[in-house]
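Trainee: Below are the structure tokens for one structure; questions will follow.
The values are calculated or read from the model by the stated rules, or taken from the named source; none is laboratory data. As the structure is a prediction and not an experimental result, all values here were calculated from the model. Don't worry about glycine lacking a Cβ; one is built from the backbone with ideal geometry, like all the others, and counts go over all protein chains shown.
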Amino acid sequence: MRRRRLAPLLAVAVIAGLTPTLAAGTAGAAPVPADESGDLGAYARQHPNWQRCGADTPASFECATVRVPLDYRNPTGRAIDVAISRIKAANPAERHGVLLLNPGGPGGPGLGLPWEMDATLPQPVKDRYDRIGFDPRGIGRSTPVRCGLTHEEGTLFRPYRTFDSNVAWARTVADKCRARAGDLLPYITTRNTARDMDVIRTVLGERRISYLGVSYGTALGAVYTQLFPSRADRFVLDSAVDPDRMWREMFRLWGSEGEANFRRWAQWTAERSDTYHLGDTPARVTATFRDLVARADREPIVVGTTPLDGVRIRENYRPMFATVAEAAKWVAILKQAAAGEPTPELPGTSVDEPDISGTWSVLCGDTRWPSDPWRYRVESALDTIRYPLYGDHASGITPCAFWNAPREPLTVVDNRVPTLIVQNEWDSQTPLVAARSMHRALEGSRMITVDGGEGHGVYTYSGNRCADEATTAYLVTGRLPARDVTCQAGPDDRRVASVSPAQPR
């Protein structure tokens with residue numbers, strides 16, 4: 001669930017030529033991270049050696065590296081790198097502190113975010129905060145997890161009809177990760193990344209941090225508030241996961257909520273049959289799409305130059321149905337392609353191997369998944385019937401079935417830290433029901449819901465003025481809205497489909 005892939009979650013450029021280094025020094029009067037594992041004072045005494053991130057990036061965009069314990073229960077043991085970046089507050093006289101940024105995932109690199117978001121963050125926010133990016137442990141320029149997966153192995157979910165081969169794939173991925181990165185895997189978790197955030201806070205000399213996290217980043221932010229409640233300042237959780245469903249049940253929501261999105265889309269498209277020619281009733285629109293999937297399963301439909309079978313169509317369109325106009329446009333193109341007409345390429349994004357390795361590390365390391373393949377077989381078979389768009393993918397077996405047991409329990413989120421949750425009503429990756437659950441878990445939170453809002457990601461992305469202004473006001477003043485806020489989606493909102501099948505994201 002990550003903002004770097006908006007759609008599904010904010011494109012972050014790959015920054016070339018980063019040369020972050022680290023020197024010894026003093027981090028000021030910030031409190032040392034409190035943790036049951038023991039003394040972390042040596043990490044607090046780091047002084048990051050900030051350097052320009054790259055020759056092709058602005059001089060104001062600086063990078064460095066901090067060291068953190070691999071295992072916080074043994075802080076005198078092995079240390080690993082976390083790559084960090086910053087753009088300083090534009091108005092030092094108004095500076096409030098630091099704003100850590102996370103794009104989602106899990107597995108999303110965030111080092112480029114201060115630069116990438118510089119054009120979209122409101123000026124009052126940039127005036128008051130040093131924007132801090134970082135690649136979470138196991139990802140990108142931080143000490144990475146590399147499982148050595150092939151392109152074929154580098155997928156997240158597979159359809160029920162290939163279940164037997166799916167079991168072999170899941171076992172192979174788990175075995176490869178254990179063989180190539182087994183020393184890192186037990187420690188690549190949301191809980192440890194939150195602890196890394198507190199080391200970053202200490203090294204930067206801050207008593208508290210503010211935070212903007214999207215999608216999976218909302219889980220990371222919530223865990224931080226649970227572990228370090230007195231050090232959380234102004235926290236914005238955009239497009240929130242359900243802390244009670246991490247992680248398999250969060251993905252299974254894509255089956256049930258995908259059907260709700262599809263039904264809404266079918267109704268909307270039927271009302272515009274003269275435009276899209278997909279059917280003049282919801283039943284006929286539904287039949288058109290189902291027939292296209294069935295045909296593609298018999299013989300792939302070539303869209304542009306890309307052949308798509310029924311499985312790939314369901315993978316690509318499941319998130320897109322949350323944005324009704326985009327979905328109608330592309331299903332109409334799919335219909336044209338099936339008729340042999342020339343068409344543009346289907347939009348989509350790929351996921352590179354390091355991202356998938358890091359993704360599995362977090363998903364499998366955070367919580368114990370069922371280990372019996374038979375359970376996956378039964379549940380994905382049932383969900384094929386109940387949720388035909390995507391249920392079999394969402395419920396199928398994954399490498400987590402063969403992962404070693406987590407070292408720590410999943411963090412239970414239950415606190416009163418003031419937090420702002422921002423959510424679209426029609427979100428393909430983190431459905432509204434998930435955000436409401438996060439709102440209940442964070443008893444001190446307020447929630448902004450964009451009624452009729454579509455797609456994944458709200459603040460500075462969807463273009464909803466009401467939600468943007470309320471969020472900016474909180475970041476600038478630190479005052480939460482007096483009560484929950486409902487904004488209305490407007491005609492000028494940017495509604496961009498989430499098309500990658502890979503993310504919660």
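Trainee: Test residue 191 against the criterion of being farther than 21 Å from residue 373 by Cβ, assigned to a helix (DSSP H, G or I) and under 18 Å from the mean Cα position of the chain (by Cα), and give yes or no.
Mentor: yes
Trainee: When only residues in region 409-454 that are in contact with a helix residue (DSSP H, G or I) (Cβ under 6 Å, 6 or more places away or on another chain) and among the small types (Gly, Ala, Ser) count, which is nearest to residue 237 (Cα to Cα)?
Mentor: Of everything passing the filter in region 409-454, 445 is nearest to residue 237 (Cα to Cα).
Trainee: Further, regarding this structure: Do we have residue 262 as on the phi < 0 side of the Ramachandran plot, in a strand (DSSP E or B) and modelled with pLDDT of 95 or more here?
Mentor: So residue 262 fails the test.
Trainee: Output the number of residues of region 472-487 satisfying the condition of being in contact with a strand residue (DSSP E or B) (Cβ under 6 Å, 6 or more places away or on another chain) and either under 22 Å from residue 121 (Cβ atoms) or crowded, with 16+ Cβ neighbours inside 10 Å (or both).
Mentor: The total comes to 7.
Trainee: Please identify the pairs in which a residue from region 462-477 that is more than 19 Å from residue 234 (Cα to Cα) and modelled with pLDDT under 95 has its Cβ atom under 6 Å from the Cβ atom of a residue that is among the aliphatic types (A, V, I, L, M) and buried (at least 19 other Cβ atoms within 10 Å of the Cβ), counting only partners at least 6 apart or on another chain.
Mentor: Listed pairs, sorted by first residue: 464/450.
Trainee: Follow-up question, since we're still on this one. Sort through 212, 227, 220 and tell me the only one that's surrounded by fewer than 24 Cβ atoms within 10 Å (Cβ to Cβ), modelled with pLDDT of 95 or more and aliphatic (A, V, I, L, M).
Mentor: One residue alone meets the criteria, 227.
Trainee: Residue by residue through region 234-259, note down the ones that are farther than 20 Å from residue 410 by Cβ and among the aliphatic types (A, V, I, L, M).
Mentor: Of everything in region 234-259, just one residue is farther than 20 Å from residue 410 by Cβ and among the aliphatic types (A, V, I, L, M), namely 236.
Trainee: Among (1) under 21 Å from residue 314 (Cα atoms); (2) at pLDDT below 95; (3) not polar (S, T, N, Q), where does residue 396 come up short?
Mentor: (2)
Trainee: Which residue pairs have Cβ atoms under 7 Å apart, sit 6 or more places apart or on different chains, and have a first residue in region 268-287 that is within 23 Å of residue 452 (Cα to Cα) and a second that is part of a loop (DSSP other than H, G, I, E, B) and among the hydrophobic types (A, V, I, L, M, F, W, C)?
Mentor: 269/278; 285/278
Trainee: A further question follows. Answer with yes or no whether residue 42 is in contact with a helix residue (DSSP H, G or I) (Cβ under 9 Å, 6 or more places away or on another chain) and at pLDDT below 90.
Mentor: no
Trainee: Next question. Output the residues belonging to region 232-259 that are part of a loop (DSSP other than H, G, I, E, B) and closer than 27 Å to residue 401 by Cβ.
Mentor: Answer for region 232-259, where residues must be part of a loop (DSSP other than H, G, I, E, B) and closer than 27 Å to residue 401 by Cβ: 240, 241, 242, 243, 244, 245, 246, 247.
Trainee: Against the conditions (1) on the phi > 0 side of the Ramachandran plot; (2) touching a strand residue (DSSP E or B) at 6+ places or on another chain (Cβ under 8 Å), where does residue 148 fall short? Just the number, please.
Mentor: Among (1) on the phi > 0 side of the Ramachandran plot; (2) touching a strand residue (DSSP E or B) at 6+ places or on another chain (Cβ under 8 Å), the lone unmet condition for residue 148 is (2).
Trainee: So, one more: Which helices (runs of 4 or more DSSP H) does region 354-460 wholly contain that include 1 or more residues that are crowded, with 21+ Cβ neighbours inside 10 Å and not hydrophobic (A, V, I, L, M, F, W, C)?
Mentor: Those helices (runs of 4 or more DSSP H) span 373-386, 391-395.
Trainee: Now, a different point. If the requirement is being surrounded by fewer than 21 Cβ atoms within 10 Å (Cβ to Cβ) and under 17 Å from the mean Cα position of the chain (by Cα), which of these qualifies: 155, 120, 76?
Mentor: 155
Okay, residues lined up against (1) modelled with pLDDT of 95 or more; (2) closer than 18 Å to residue 203 by Cβ; (3) touching a strand residue (DSSP E or B) at 6+ places or on another chain (Cβ under 9 Å):
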residue	(1), (2), (3)
58	no, no, yes
64	yes, yes, yes
70	yes, yes, yes
74	no, no, no
79	yes, yes, yes
82	yes, yes, yes
87	yes, yes, yes
95	yes, yes, yes
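Trainee: Tell me the residue from 365, 391, 396 that is more than 16 Å from the chain's Cα centre (by Cα), under 22 Å from residue 103 (Cβ atoms) and of a type outside the set (A, V, I, L, M), please.
Mentor: Just a single option satisfies the conditions, and that option is 365.
Trainee: Moving on. Buried (at least 20 other Cβ atoms within 10 Å of the Cβ), at pLDDT 95 or above, of a type in the set (Val, Ile, Thr) and touching a helix residue (DSSP H, G or I) at 6+ places or on another chain (Cβ under 8 Å): does that describe residue 132?
Mentor: The answer is yes for residue 132.
Trainee: Among the numbered criteria (1) in contact with a Lys or Arg (Cβ under 7 Å, 6 or more places away or on another chain); (2) within 30 Å of residue 128 (Cα to Cα); (3) of a type outside the set (D, E, K, R), which single criterion is violated by residue 241?
Mentor: Every listed condition holds for residue 241 apart from (1).
Trainee: Checking the conditions here, which among 150, 193 is surrounded by fewer than 24 Cβ atoms within 10 Å (Cβ to Cβ) and either modelled with pLDDT under 95 or not aliphatic (A, V, I, L, M) (or both)?
Mentor: One residue alone meets the criteria, 150.
Trainee: Something else about it: Restricting region 265-307 to residues that are in a strand (DSSP E or B) and over 16 Å from residue 327 (Cα atoms), which is modelled with the lowest pLDDT?
Mentor: Result: 306.
Trainee: Quick test for you: out of 297, 280, pick the one residue that is within 21 Å of residue 387 (Cα to Cα) and not small (Gly, Ala, Ser).
Mentor: From the options 297, 280, the qualifying one is 297.
Trainee: Now, a different point. Residue 468: at negative phi, surrounded by 23 or more Cβ atoms within 10 Å (Cβ to Cβ), within 21 Å of the chain's Cα centre (by Cα) and not hydrophobic (A, V, I, L, M, F, W, C), yes or no?
Mentor: So residue 468 does not fit the description; no.
Trainee: Also: Any idea which of 234, 263 is of a type outside the set (Gly, Ala, Ser), surrounded by 19 or more Cβ atoms within 10 Å (Cβ to Cβ) and within 30 Å of the chain's Cα centre (by Cα)?
Mentor: Result of the check over 234, 263: 234.
Trainee: Would you list the strands (runs of 3 or more DSSP E) that sit entirely within region 43-144 and hold 2 or more residues that are under 17 Å from residue 189 (Cα atoms)?
Mentor: Answer list for region 43-144: 62-69, 79-87.
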